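Have a look at the structure below, then the notes.
Nothing in this text is a laboratory measurement; each read-out follows from the coordinates by a stated rule. If you're wondering where the values come from, they're calculated on a predicted model, not measured in any experiment. With ideal geometry, Cβ positions are generated from the backbone for all residues, glycine too; neighbour counts draw on all protein chains shown.
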Amino acid sequence: MRANVTARRAAGTPIGAVGAPAGSADGAAVVLDAERANLAALLAALGDGMLERLAGAVASARTVAVVGFRNGYPVALHLRTQLAQARPGVRLAPQPGQSLAEDLVGLGAGDLVVVCAFRRRPPGLRAALAAVVESGASLVVVGDPSARSILPPDAGDALVGFVPCPVAAPGAFDSYAAAMTFVALLASAVLGADLRAGRGRVSAIDRAYRALGETE
């Protein structure tokens with residue numbers, strides 16, 4: 001029974017894990033330790049120039065499509081929102097009510113697709129990654145460590161990088177603190193890749209916000 005519960009939790013099923021912390025100070029300390037470990041693993045994965053390589057690919061791409069399904073969708077949505085502050089030509093795919101295939105048609109050399117692939121992924125995502133590579137576009141995959149298993153084996157240089165963002169948590173649900181930290185780090189690095197252009201775009205967006213009364 002214990003092994004079955006642990007295996008299901010490791011696959012992303014939101015059930016109480018064995019030894020899950022209660023809502024207490026001691027339980028909060030366990031959660032904090034887990035988050036520190038997840039963030040440390042993320043930062044290690046972004047070392048050796050990986051973050052700079054990813055930021056350069058995003059900054060120089062003709063267009064950027066950010067893809068996310070299920071648990072990956074909130075991460076993809078936030079990433080698209082942040083990258084759109086730093087550069088033009090960033091879109092979320094697929095659009096509501098549309099299929100991903102419609103967004104993949106027309107991709108080619110010079111385009112970049114960032115796929116947020118966290119566990120409990122739809123089965124068609126593996127084929128989607130292969131389709132991106134076949135199109136000639138570049139690919140970045142962001143997901144929990146298990147997403148490494150769906151990377152196209154023949155991606156070659158088309159795969160700019162795989163970013164493992166651990167989501168393991170001592171409670172019943174996965175934690176996306178590492179994933180959202182990666183979003184902030186990547187968006188900041190993209191903005192810094194061409195700081196003058198990035199600041200100009202941020203200022204233009206801010207003026208538009210004020211003109212339309214969309215933010216306080």
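What the table below lists for this structure:
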| quantity | calculated |
| --- | --- |
| Net charge over other residues, Cβ less than 15 angstrom from the Cβ of residue 121 (K, R count +1; D, E count -1) | +3 |
| Tilt relative to the chain, helix 195-212 - C-alpha long axis, 0 to 90 degrees, to 10 | 90 degrees |
| FRET E, pair residue 216, residue 120, Förster distance 35 Å, beta-carbon r, rounded to 0.05 | 0.45 |
| In nm, spacing of pseudo-spin labels at residue 205 and residue 62 (7 Å Cα→C-beta vector) | 2.4 nm |
| Length released on extending from residue 36 to residue 102, taking residue separation times 0.36 nm less the Cα-Cα span | 19.8 nm |
| The chain: calculated mean residue ellipticity at 222 nm from DSSP helix runs of at least 4, using -39500 (n - 2.57) | -16000 deg cm²/dmol |
| Cα Rg, Dmax (largest Cα-Cα span) when computed across the chain, Å | 18.5, 60 |
